[in-house]
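Input: a single structure, listed below in structure tokens.
The values are calculated or read from the model by the stated rules, or taken from the named source; none is laboratory data. This structure is a prediction, so every number in the text was calculated from the model and none was measured. Here Cβ is always computed from backbone atoms with ideal geometry, including for glycine, and neighbour counts include all displayed protein chains.
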Amino acid sequence: MTATAAQIAAALREIRPDLTAGKLHKLLYLAQGHHLAWFAEPLFAEPVAMWDQGAVVADLWNAERRHGPGRAGMDGLDNRDLGTVGYVLSRYGNLSVRDLDTLTGCSAPALAANAGRAPGQSVPIDQNVMIEHFRAVDVDPDEPAVDAAALADFLTRSAAVAAHYAITPPRLDDVDRLLAVYGRRADRVAGDA
């Protein structure tokens, strides 16, 4: 039986009670993607969508904005579910919200969903694209695949969004800094390895 996003959020918060809403939703996206890649079935039933603020589980986001974090427990989660949660927290849990935004926003599923999305719109992320992307990422689980061209495009678009919303000062990362953060050399970018 597929879990709910609220149950997975409860498991993430059980281990990391300090999670902000933004970080929680990026981790939910990553957990859904890895689980889909490993088991060919979703970790939780609700869709993940791309919003202006990135990957979000809309049902959970809206419920928690209205009522605060729910009281969903972890009852009903199996070892595979908990294994996915533990893996995602160990691999991504120490990244900042900013780094998670960049990592998830530059992923193929996010870029595909954002391709036709207008500002203010919500577009569901295609689970088949998630499966393909996360299977490629999981070839070597210590090294997330980075598409340098897509990352550069995302950073350019981020500057436009920052300017539009008068976010100052817009601190832009660059490909070399991000690769350094993730412990990768520039010559190991996807396609060059």
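Of the residues making up segment 1-59, those that are at positive phi and polar (S, T, N, Q) number 0. Look at segment 1-30: where a residue is within 24 Å of Asp52 (Cβ to Cβ) and a partner is of a type in the set (S, T, N, Q) and surrounded by 21 or more Cβ atoms within 10 Å (Cβ to Cβ), sitting 6+ places away or on another chain with Cβ atoms under 6 Å, you get Lys26/Thr104; Tyr29/Thr104.
Screening the candidates Asp78, Asp52, Asp99 for the property of being without any contact (Cβ under 8 Å) to a residue 12 or more places away in the chain and assigned by TED's automatic domain parsing to the domain that holds Ile125 yields one hit, Asp78. Determine, yes or no, whether Pro119 is in contact (Cβ under 8 Å) with a residue 60 or more places away in the chain and either of a type in the set (Asp, Glu) or surrounded by fewer than 19 Cβ atoms within 10 Å (Cβ to Cβ) (or both). The answer is yes for Pro119. Counting only helices (runs of 4 or more DSSP H) wholly contained in segment 19-126, the ones carrying 3 or more residues that are hydrophobic (A, V, I, L, M, F, W, C) and within 22 Å of Ala3 (Cβ to Cβ) occupy 21-39, 58-67, 79-92.
Only residues that are in contact with a Phe, Trp or Tyr (Cβ under 7 Å, 6 or more places away or on another chain) and more than 21 Å from Arg66 (Cβ to Cβ) were counted across segment 15-42, and they come to 7.
Each row is one residue, and each column tells you yes or no for (1) modelled with pLDDT under 95; (2) surrounded by fewer than 23 Cβ atoms within 10 Å (Cβ to Cβ); (3) under 23 Å from Phe134 (Cα atoms).
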| position | (1), (2), (3) |
| --- | --- |
| Gln32 | no, no, yes |
| Trp38 | yes, yes, yes |
| Met50 | yes, no, yes |
| Glu64 | yes, yes, no |
| Ala72 | yes, yes, no |
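Out of all the residues in segment 145-162, is one or more within 22 Å of Pro42 (Cα to Cα) and at pLDDT below 55? Scanning segment 145-162 turns up at least one residue that is within 22 Å of Pro42 (Cα to Cα) and at pLDDT below 55.
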